[in-house]
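Have a look at the structure below, then the notes.
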Amino acid sequence: MVTEKSTNTLLSLDLRRDEYVELRSGNLGVRLAKSDAERDAARALRYRVFYEEMGAKPSEQAVLTRRDYDDFDEIADYLLVIDHDQKSVMDKVVGTYRLLPQEKADLAGTFYSAGEYDLSALKEYPGRLLEVGRSCIDARYRGRAAMQLLWEGIALYIFIHRIDILFGCASLPGTSLDDHKESLTYLYHTHLAPPALRVTAVPERRVEMLHSDPHKLNHRSVLVKLPPLIKGYLRLGGYVGDGAVVDEQFNTTDVAIIVKTELLADKYYRHYERRLLDALE
């Protein structure tokens, strides 16, 4: 839940609830997509990163359109990192996150993550849910600035929509479990969600996470190997679900991530309160 400390900011945001303000850092900004052209640019960016760089297996339609797309894209919100120094819309969109709040998932009848995890625990948990996914950044912009802006953008979205739980599937690159034994063991042993938030991998896709003695792990070494996005969730107090899922299409091994947004709000509220208020003035 949002913290008491953020009440005044939330009241200010409510005055312009339909306007998601852009937050800027130099030539880069973060905001929601405003047009079909911007959403199309985000899908093109996802295609380049997921299929051309990471080895995902595209459908015939994806190859023809050179876009990453599924049915959830019709209703989801798109968070974008924009490079204002670029001229065309296609070049301007350099980072993206797909955001699917509870009410939009209700329209679809489900969340994307339900294809990999039983979400019953989250659906029974009191509060509003936000599923995040399809995160990527153009290779030329993969540094602290763009990722930090995406986190800021998610924090603002959480403030506006009063989100209580953020969740989604986060990926380890590749499908070889031998490559991920230590990472999966570490995540399960140190960050398993409490029962009230613990989603579980669907039986037909479930892969066990404990592969070695967790007490013999070198935690520092394991953390170095974890993808930056997963480490970011863990720094926010994130948990993992029970069981991993191998995604052959996207050439990844997925874990479920769950974050109570009061932890994210605490971290970003203190740091960005002034910026959020300035953006509203």
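Rule-based calculations on the coordinates, nothing more; no lab input. Treat the numbers as computed from the prediction; the structure is a model and nothing was measured. Neighbour counts are summed over all protein chains in view; Cβ atoms, including those assigned to glycine, are modelled from backbone coordinates with ideal geometry.
A few comments on the model shown:
- Compactness relative to 2.2 N^0.38 Å, alpha carbon Rg of the chain: 0.98
- Cross-linked pairs LYS34/LYS92; LYS231/LYS260; LYS104/LYS260; LYS123/LYS260: Cα-Cα separations exceed 18 Å for LYS104/LYS260.
- Over the stretch 58-216, relative contact order from alpha-carbon pairs under 8 Å, at least 6 apart, %: 23
- Contour excess over end-to-end distance, with Cα ends at ASP71 and ARG162 and 0.36 nm allotted per residue: 30.2 nm
- Normalised contact order of the stretch 159-219, rounded percent, pairs of Cα under 8 Å and 6 or more residues apart: 41
- Cross-link reach list, lysines versus LYS216, counting only Cα pairs under 17 Å and skipping chain neighbours closer than eight places: LYS181, LYS225
- Taking θ as phi - 60° and the Karplus parameters 6.51, -1.76 and 1.60, the scalar couplings of the stretch 130-145 work out to 9, 8, 10, x, 6, 7, 7, 9, 3, 4, 6, 10, 6, x, 4, 4 Hz in sequence order, x denoting glycine and proline.
- The stretch 11-115: radius of gyration and largest Cα-Cα distance (Dmax), Å: 15.1, 47
- Contact order relative to length of the chain, as percent, for alpha carbon pairs under 8 angstrom and 6 or more apart: 23
- Percent antiparallel among DSSP beta bridges (both partners in the stretch 4-280, rounded to 5): 90
- Approximate spin-label separation HIS189-ASP213, in nm, with each point projected 7 Å along Cα-to-Cβ: 1.0
- Measuring between their Cα centroids, the stretch 90-147 and the stretch 206-261 lie 17 Å from each other.
- Close amide-amide hydrogen proximity is noted between ASP138 and GLY95, each under 5 Å apart and 5 or more residues distant or on a separate chain (H modeled in the peptide plane; Pro and chain starts excluded).
- Stretch gain in nm, segment GLU124-LEU177, where the contour uses 0.36 nm per residue and the Cα spacing is subtracted: 15.9 nm
- The string of couplings for the stretch 229-244 from the Karplus curve (6.51, -1.76, 1.60, θ = phi - 60°) is 5, 5, 4, x, 4, 5, 5, 8, x, x, 10, 10, x, 8, x, 9 Hz, one whole number per residue in order, with x for Gly and Pro.
- Taking every Cα-Cα distance in the stretch 109-249 and sorting them into 10 Å bins from zero, the calculated P(r) comes out as 10, 39, 37, 13, 0 percent.
- A simple spin-label model places the labels of ASP36 and ALA139 3.1 nm from each other, with each point 7 Å out along Cα-to-Cβ.
- Note on the chain: with charges restricted to the Cβ of Lys and Arg (+1) and Asp and Glu (-1), its dipole about the Cα centre is near 900 debye.
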